[in-house]
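Q: There's a structure below that I have some questions on.
The values are calculated or read from the model by the stated rules, or taken from the named source; none is laboratory data. Predicted model only: the values in this text are computed from it and were never measured. For neighbour counting, all protein chains shown are included, and Cβ atoms are generated from backbone atoms with ideal geometry for every residue, glycine included. Note: accessible area is taken over every heavy atom of the protein model, side chains too, but ligands, DNA and RNA are not part of it. Shrake-Rupley method; radii C 1.70, N 1.55, O 1.52, S 1.80 Å.
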Amino acid sequence: MLKQRRKELNMTLKEMSQKIGLKYNTLSQYENNIQFPHATIIMDVAKAYELSDEEIIIWLKEINKIKKQG
């Protein structure tokens, strides 16, 4: 979801990581569902990706589903 949205925003991973203030590798792991953002920064990430409230809920459900599978 995040990678697709970033591409829709015509931003590189480097540009997005700088916008949020996260390391490039960390953001890449979020986009590839390898690692998940801590609760304290979820809204910062969502804001940078310009996610609507509904999209945030969908994203959080995806994270929860992946965590349960792992």
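Q: Work out the charge dipole of the chain with +1 on the Cβ of Lys and Arg and -1 on the Cβ of Asp and Glu about the Cα centre, then indicate which of Leu60, Leu22, Gln35 is farthest towards its positive end.
A: Most positive-ward Cα: Gln35.
Q: Here's another thing I want to ask about it. Any chance you could run the full-extension gain for Gln4 through Thr40? It's 0.36 nm times the residue separation minus the Cα-Cα distance, nm to one decimal.
A: Result for the pair: 10.7 nm of gain on full extension.
Q: Ignoring ligands, DNA and RNA, what accessible area per residue does the chain give at 1.4 Å, in Å²?
A: That works out to 69 Å² per residue.
Q: Placing +1 at every Lys and Arg Cβ and -1 at every Asp and Glu Cβ, with all other atoms neutral, what dipole size does the chain have around its Cα centre, in debye to the nearest 20?
A: Magnitude of the dipole: close to 300 debye.
Q: When we measure straight from the Cα of Lys65, which lysines land under 21 angstrom away, once same-chain ones fewer than 8 places off are left out?
A: Lys3
Q: Kirkwood Rh over Cα pairs of the stretch 24-70 into Stokes-Einstein at 37 °C, 0.692 mPa s: D in µm²/s?
A: Value of D from the Cα-based Kirkwood radius: 298 µm²/s.
Q: Please give the helix 53-69 orientation as an angle from the longest Cα principal axis of the chain, in degrees from 0 to 90, rounded to the nearest 10.
A: For 53-69 against the chain, the angle is about 60 degrees.
Q: Modelling each spin label as a point 7 Å along the Cα-to-Cβ direction, I'd like the Gln29/Lys61 distance in nm, to one decimal.
A: 2.7
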